[in-house]
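Below is one structure, written out as structure tokens, with a few remarks after it.
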Amino acid sequence: LTPKSLQGKRVLVTAGPTWEPFDPVRFITNPSSGKMGFALAVEASRRGAHVDLVTGPTNLLDPPFLSTHRVKTALEMDRVVRDLAATADVIVMSAAVSDYRPEETAPQKVKKSDRDLTIRLIRTPDILAGVGAVKRADQVLVGFAAETENLIENATEKLRKKNLDFIVANDLTRPGSGFRCDTNQVKILDRGGQVDTLPCLTKNEVARRILDRVETLLQKVDHE
Ligand code: C5P
């Protein structure tokens, strides 16, 4: 693999959490830092790809030499990803998208009262499944699965349901894995049923391993 091994390829990466507001100053979210997605975007760019990074709110700075698209909600992320997906050769979705959002967003800050407050949550679109449904044979699509139980079973089901080439599965109960860490211990599951258990690595190194696999798949589609 040469350093510019993704020259001429367009890579779309999603990263970070989403914020789902129920009033102007409050929202539902999760602890995703965006580090895994940013590491993927930077590494793809270093390999010569044209990179679009679509990220929810994070403390990370826009990386140089690539296009960073900042969004807040799942609906915004969905819109931007749909715009960019058709022209992408590689799509890697590492964002921790909120599965639910408040049905209504109050225009003003909700005042407290003596009564309890109920917020009705409705589903957000599954962005990755939407992309998987229209994926072409010449595109490589990669997803993530963060699980607290039945890691392999759940990840395998997502791989098939969302029409992915491979899925990066993350056991959230392990120390040194998942949200906010600089390291990650993942398993990579492919369509052939192979499971590759990687050691605990930095997120930068996990990004390199993922893109090595992407390049192998691209070489196959380029020859078909
Ligand atoms: O189904 P689950 O949320 O566990 O799947 C995780 C994968 O799907 C990740 O790659 C994540 O980025 C993506 N996803 C998405 N849109 C959602 C939910 C998950 O793109 N609404």
- line: Result of the Cβ filter at 7 Å on the stretch 76-97, keeping first residues that are at positive phi and partners that are within 13 Å of the ligand (Cβ to nearest atom), at least 6 apart or interchain, is none
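Mind checking whether some residue in the stretch 5-22 is part of a helix (DSSP H, G or I) and touching a Lys or Arg at 6+ places or on another chain (Cβ under 8 Å)?
Within the stretch 5-22, the first condition is being part of a helix (DSSP H, G or I), and the residues that meet it are none.
No, the stretch 5-22 contains no residue that is part of a helix (DSSP H, G or I) and touching a Lys or Arg at 6+ places or on another chain (Cβ under 8 Å).
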query: Is at least one residue of the stretch 111-130 within 14 Å of the ligand (Cβ to nearest atom), surrounded by 17 or more Cβ atoms within 10 Å (Cβ to Cβ) and not in a loop (DSSP other than H, G, I, E, B)?
result: yes
message: Looking only at the stretch 167-180, how many residues end up being surrounded by fewer than 22 Cβ atoms within 10 Å (Cβ to Cβ) and under 16 Å from the mean Cα position of the chain (by Cα)?
response: 5
message: When the residues of the stretch 141-155 are narrowed to those that are within 12 Å of the ligand (Cβ to nearest atom) and assigned to a helix (DSSP H, G or I), which ends up farthest from ASN170 (Cα to Cα)?
response: ASN154
statement: For the stretch 163-185 the number of residues that are within 16 Å of the ligand (Cβ to nearest atom) and farther than 12 Å from VAL142 by Cβ is 8
message: For the stretch 36-81, give me each residue that is within 16 Å of the ligand (Cβ to nearest atom), surrounded by 22 or more Cβ atoms within 10 Å (Cβ to Cβ) and part of a loop (DSSP other than H, G, I, E, B).
response: GLY56
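Say whether the condition of being in a loop (DSSP other than H, G, I, E, B), more than 16 Å from the ligand (Cβ to nearest atom), in contact (Cβ under 8 Å) with a residue 60 or more places away in the chain and at positive phi is met by at least one residue in the stretch 189-206. Let's see the steps before the verdict.
To start, the set of residues in the stretch 189-206 that are in a loop (DSSP other than H, G, I, E, B) comprises 191-194, 198-200.
Cutting the leftovers down to more than 16 Å from the ligand (Cβ to nearest atom) gives us 192-194, 198-200.
Among the residues that remain, those that are also in contact (Cβ under 8 Å) with a residue 60 or more places away in the chain are: none.
The answer is no, given that none of the residues of the stretch 189-206 is in a loop (DSSP other than H, G, I, E, B), more than 16 Å from the ligand (Cβ to nearest atom), in contact (Cβ under 8 Å) with a residue 60 or more places away in the chain and at positive phi.
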query: Do we have VAL92 as surrounded by 19 or more Cβ atoms within 10 Å (Cβ to Cβ) and either outside any helix (DSSP H, G or I) or among the aromatic types (Phe, Trp, Tyr) (or both) here?
result: yes
- prompt: Out of GLY143, GLY178, which single residue is at positive phi and out of contact with any Ser or Thr (no Cβ under 8 Å at 6 or more places or on another chain)?
  reply: GLY178
- prompt: Any chance the stretch 167-180 includes a residue that's of a type outside the set (A, V, I, L, M, F, W, C) and modelled with pLDDT of 95 or more?
  reply: no
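The values are calculated or read from the model by the stated rules, or taken from the named source; none is laboratory data. Because the structure is predicted, anything quoted here is derived from the model rather than measured. Cβ: placed from backbone, ideal geometry, glycine included. Neighbour counts: every protein chain shown.
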